[in-house]
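Chemist: Quick one: structure below, then a few questions.
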Amino acid sequence: MFALNLPAFEYKIREHEGKNRIFDPLRRRFVALTPEEWVRQHFVNYLIANKGFPAGRMSNECNIILNGQKRRCDTVLYDVFLKPLVIIEYKAPTVTVSQSVFNQIAAYNMVLKVKYLIVSNGLNHYCCQIDYENQKIKYIETIPDYKDL
C-alpha cells in the first residue's frame, strides 16, 4: 500500500476471495482494503493512540440522510452526550484535497452540525473549527487532542 504521513501501527490484513481485507476495530470486522480504507485505518489509529480520541465514541461509515438521499460520513466522533462533534472525510493518497472535498464534508455538516471538520488523504491533513455564533470557520494548524475539542 501507500506510505502515509501518519504513524505506523499493527494492522490485520487477510485475503478473502482473492482480495485483501483490513480489520476495522470500530466496525469490528474485516473490510475491503482500498487506498481510502488504508488512510481511514491509519488516521483512526492516530486519533486514538496519539490524540486521545475515545474509540467508543467513534463510528465509521455513519449513515445520514442529505436532501432525501442516503449518504455515509467516513468517520464521526460523538461527544459525551452522543451528539456529533467531528466529521472526518478521507481520500486516497492519490486524490488531491480540493474544494470539492470540503464541499462534500460541508454538505454532511448541514445535517450533523458539528464543531470540527477534518479532511485527510493520508499525506495532508486539514482541520477547521466552526463558530456558528459568529458564522466563521477557523483553520487549525494541527489536529487537536481530544481533551481540547
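Chemist: Please report, largest first and rounded to whole Å, the three semi-axes of the ellipsoid equivalent to the range 59-149, where each semi-axis is the square root of five times an eigenvalue of the C-alpha gyration tensor.
Modeler: Ellipsoid half-lengths, sorted descending, are 18, 17, 14 Å.
Chemist: How much accessible area per residue does the range 27-144 have, counting only protein heavy atoms and a probe of 1.4 Å, in square angstrom?
Modeler: The answer is 53 Å² per residue.
Chemist: Mind telling me which of 117, 77, 26 comes out most flexible in a GNM of the chain, alpha-carbon contacts under 10 Å?
Modeler: The residue with the greatest mean-square fluctuation here is 26.
Chemist: If you add up the charges near residue 21, with Lys and Arg at +1 and Asp and Glu at -1, over every other residue whose beta carbon is less than 12 angstrom from its beta carbon, what do you get?
Modeler: Working: positive: 12, 14, 19, 27, 29; negative: 15, 17, 24, 37.
That works out to +1.
Chemist: Do any GluC sites (Glu not before Pro) in the range 74-149 lie in a DSSP loop with no more than 16 other beta carbon atoms within 10 Å, and if so, which?
Modeler: Those satisfying the criteria are 133, 141.
Chemist: Show me, for the range 45-59, the HN-Hα J-couplings you get by feeding each phi into the Karplus relation (A = 6.51, B = -1.76, C = 1.60, θ = phi - 60°), rounded to Hz, glycine and proline as x.
Modeler: These are the phi-based 3J(HN,Hα) values: 4, 4, 5, 6, 6, 10, 10, x, 5, x, 4, x, 10, 10, 9 Hz.
Chemist: With a cut-off of 20 Å, note down the residues of the range 72-87 whose backbone N falls inside the zone around a label point 7 Å from the Cα of residue 138 toward its beta carbon.
Modeler: In the range 72-87, the label zone of residue 138 (backbone N under 20 Å from the point 7 Å along Cα→Cβ) covers 79, 85-87.
Chemist: If you don't mind, there's one more thing I want to ask. For the range 1-47, what is the convex hull (Cα atoms) projected area averaged across all directions, in square nanometres?
Modeler: 3.2
Chemist: Could you identify which residue out of 71, 28, 40 has the top mean-square fluctuation in a GNM of the chain using Cα springs shorter than 10 Å?
Modeler: Of the options given, 28 has the highest mean-square fluctuation.
Chemist: Which far-off residues, 5 or more places away or on another chain, put their amide H under 5 Å from the one on residue 125, with H placed in the peptide plane?
Modeler: none
Chemist: If you don't mind, another one. Taking all pairs of different Cα atoms in the range 50-94, averaging 1/r and flipping that mean, what Kirkwood radius in angstroms comes out? Let's see the in-between values first.
Modeler: Values: mean 1/r = 0.0856 Å⁻¹.
Result for the range 50-94 stands at 11.7 Å.
Chemist: Can you give the alpha-carbon Rg of the range 1-139 over 2.2 N^0.38 Å, where N counts its residues? Don't skip to the end; give the middle numbers.
Modeler: On the way: Rg = 15.1 Å, N = 139, 2.2 N^0.38 = 14.3 Å.
That works out to 1.05 for the range 1-139.
Chemist: Separation between the residue 34 and residue 131 pseudo-spin-labels, each 7 Å from Cα along Cα→Cβ, expressed in nm?
Modeler: Distance between the two pseudo-spin positions: 3.7 nm.
The values are calculated or read from the model by the stated rules, or taken from the named source; none is laboratory data. Everything numeric in this text was worked out from a predicted model, so none of it was measured. Backbone-built Cβ (ideal geometry, glycine too); neighbour counts: all protein chains shown. We work out accessible area using only protein heavy atoms, side chains counted, and drop any ligands, DNA or RNA first. Shrake-Rupley method; radii C 1.70, N 1.55, O 1.52, S 1.80 Å.
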